[in-house]
Structures are given as C-alpha cells and as structure tokens.
Amino acid sequence: MSTLNVFRWTALGAGVVYGLFHSYSLSVSSEKKAAAAEWAHKEALIAKAKAEYAKLHPKPAASATTATLDFSDPNFDFAKYLETALKE
C-alpha cells in the first residue's frame with residue numbers, strides 16, 4: 001500500500017512540475033510574439049513617417065551647371081564643370 005502512495009505522490013509532483021514548466025514556456029512564447037508585433041508596428045510607423053517626410057520635403061533637383069567654382073566643396077564635380085565650360 002505504501003508503494004502505491006509513493007507512486008501517486010510522485011506522479012502528482014511530476015504533473016505539477018510539468019504544468020509549471022509548460023505554463024512558463026507558453027507565457028515566454030506569447031511575450032516574444034507580442035514584442036515582435038510591437039517591433040513590426042514601430043517599423044511600420046517609422047517607414048510611414050519617412051515616406052511622409054520625403055513627400056513634404058522633396059530633395060532639391062541638382063543643377064546642371066556649377067554656379068561657383070569652389071574646389072573645397074566635397075560635392076564639387078570637376079569633370080562636370082569642365083564639360084559645361086567647354087560647351088559654352
């Protein structure tokens with residue numbers, strides 16, 4: 001009779017431990033899904049904000065001719081300057 005009680009208590013303890021572990025793994029999984037959904041929502045908001053900013057603040061069109069001769073400007077294109085100077 002005592003071996004039967006030991007088996008019952010062991011099975012009950014194992015079931016409780018399994019239940020706790022399973023509950024913990026389910027909660028961690030749902031937290032990860034919620035964090036991923038929040039991250040995707042934030043990415044969508046950032047992409048939408050970037051698109052709206054680009055619509056409201058268009059980039060200025062690059063001029064075909066270089067108005068000033070500034071060699072220290074990092075965006076100065078000497079080849080384009082020579083081409084425009086030779087065309088005139």
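The values are calculated or read from the model by the stated rules, or taken from the named source; none is laboratory data. Predicted model only: the values in this text are computed from it and were never measured. Here the Cβ positions follow ideal geometry from the backbone for every residue, glycine too, while neighbour counts run over all protein chains shown. SASA here: full protein model, heavy atoms, side chains in, ligands and nucleic acids out. Shrake-Rupley method; radii C 1.70, N 1.55, O 1.52, S 1.80 Å.
What the table shows:
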item	result
Answer from Thr84, Thr65 - the residue that is surrounded by 10 or more Cβ atoms within 10 Å (Cβ to Cβ), at pLDDT below 95 and in contact with a helix residue (DSSP H, G or I) (Cβ under 8 Å, 6 or more places away or on another chain)	Thr65
Matching residues, the stretch 1-33, being under 30 Å from the mean Cα position of the chain (by Cα), of a type outside the set (S, T, N, Q) and open to solvent by less than 60 Å² (accessible area, probe 1.4 Å)	Val28
